[in-house]
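Nothing in this text is a laboratory measurement; each read-out follows from the coordinates by a stated rule. All of these numbers come straight from a predicted model, not from anything done at the bench. All Cβ positions, even for glycine, are placed from backbone atoms using ideal geometry, and neighbour counts span all protein chains on display.
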Amino acid sequence: MVALDYAGACGPAPGVGGDYCDFILEKRTRNRDATPTTREPEIGACAAHCGPLQTKFMPPNLRLRRVTQTIADLSGKTWNELRILDLGSLDGTFALEFASRGAQVLAIEGRESNNEAARSAAKSLGLDGVEFVTDDVRHFSREKFGAFDAILCSGILYHLPGEDGCRFIHAIAEACTRLLIIDTHVGLKREVSVSFGGKIYYGTPFKEHEESESKEQRLSKALASLDNPTSFWITKPSLLNLLRDTGFSSACEVLSPMSFRDYSDRITVAAIKGSPIGKSLLSPELEKSEEPDWPEKQEIGPYPPPVPRWKIVGGNIKRKLLGSNRLA
């Protein structure tokens, strides 16, 4: 990390043992196999903590811009009116950004070492509108933490087992009053399924830990699940169906601003907690019909439909035969 040239400019990180940038570098070194997608927020938090000297040496955090702009556009409130929840906050990059804009922010992260660094950054930046809580996101509930205008779920859904992930989205839906942003990897194949709430959702299994690894070993892997050995990468159609089933009235994929072009299976979805439109004067049938599920396999094609190969070959043969007859 180039920014360590200026590590002396950083303040101490309480409980970490050394300054904030040194902590970030040590964590990144410990996780050399981590993807650029998951490493990037650490760069952002370090830049926020260290100031202008650091920032010019760091790449722009495109995901941060995408998420922040989406909240500004879709939350329906000004920043100082917002109460925002950041689930799986890692080193606090998003939470610190939201707090710097005037929002009241609660960040929940499963590893205390990440929160120690984030609290240090918040203190250095003079941000008192953000709270970092160490807890398993699977324990989240509205009864425990209250309601939120906007909820961010970035880089955490794909670390959960299938049933836990479905329960997690249900808990989020109960606490969300307006906007949910999910930034996640999705399964590209329908390899396994999970049944929850009378519905079936499909996805791909992903290995997080070896079965033989201890609790301490699993916790030391900062960019993996807290404890579960495998996780469930829900497919995009199933994710859209799940959001509908939990009460979100609209869901759309965020394509602009552009985020990192790192993996084709990483998407950002914005879901709105609105009210169903109810009766329609021009289409009364809508009131009686349920919204159809997104199919796991698209069987529709483009317009105009492509001409089948056999028709092309048959047409060529026919034209040749007709031409031969005319010559004869």
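Expressed as a whole number of Å, what is the distance separating the alpha-carbon centroids of the range 259-284 and the range 68-107?
Cα centroid of the range 68-107 versus Cα centroid of the range 259-284: 20 Å apart.
Give a residue-ordered list of calculated ³J(HN,Hα) values for the range 90-96 (Karplus: 6.51 cos²θ - 1.76 cosθ + 1.60, θ = phi - 60°; whole Hz; x for Gly, Pro).
So the J values, rounded to whole Hz, are 6, 8, x, 3, 5, 4, 5.
Once you've got the Cα coordinates, tell me which of Lys236/Lys273; Lys199/Lys273; Lys123/Lys144; Lys236/Lys297; Lys189/Lys221; Lys207/Lys236 are over 22 Å apart. Working shown, then result.
Details: Lys236/Lys273 19 Å; Lys199/Lys273 20 Å; Lys123/Lys144 26 Å; Lys236/Lys297 11 Å; Lys189/Lys221 26 Å; Lys207/Lys236 19 Å.
Table pairs above 22 Å Cα-Cα are Lys123/Lys144; Lys189/Lys221.
Using the beta-carbon distance between Ile277 and Ser141 and R0 = 30 Å, what value does 1/(1 + (r/R0)^6) give for FRET efficiency, to the nearest 0.05?
Here the calculated transfer efficiency is 0.55.
Between Glu287 and Ile317, with labels modelled 7 Å along Cα→Cβ, what's the label distance in nm to one decimal, could you check?
Using points 7 Å along Cα→Cβ, the separation is 5.7 nm.
Report the label-to-label distance for Glu112 and Gln69 in nanometres (one decimal), using points 7 Å from each Cα along the Cα→Cβ vector.
Distance between the two pseudo-spin positions: 4.0 nm.
Rank the residues Thr230, Thr93 as a footprinting-exposure proxy: fewest other Cβ atoms within 10 Å of their Cβ go first.
Thr230, Thr93
Determine, for Tyr201, Tyr303, the number of other Cβ atoms within 10 Å of each Cβ, and report the residues in order from fewest to most.
Tyr303, Tyr201
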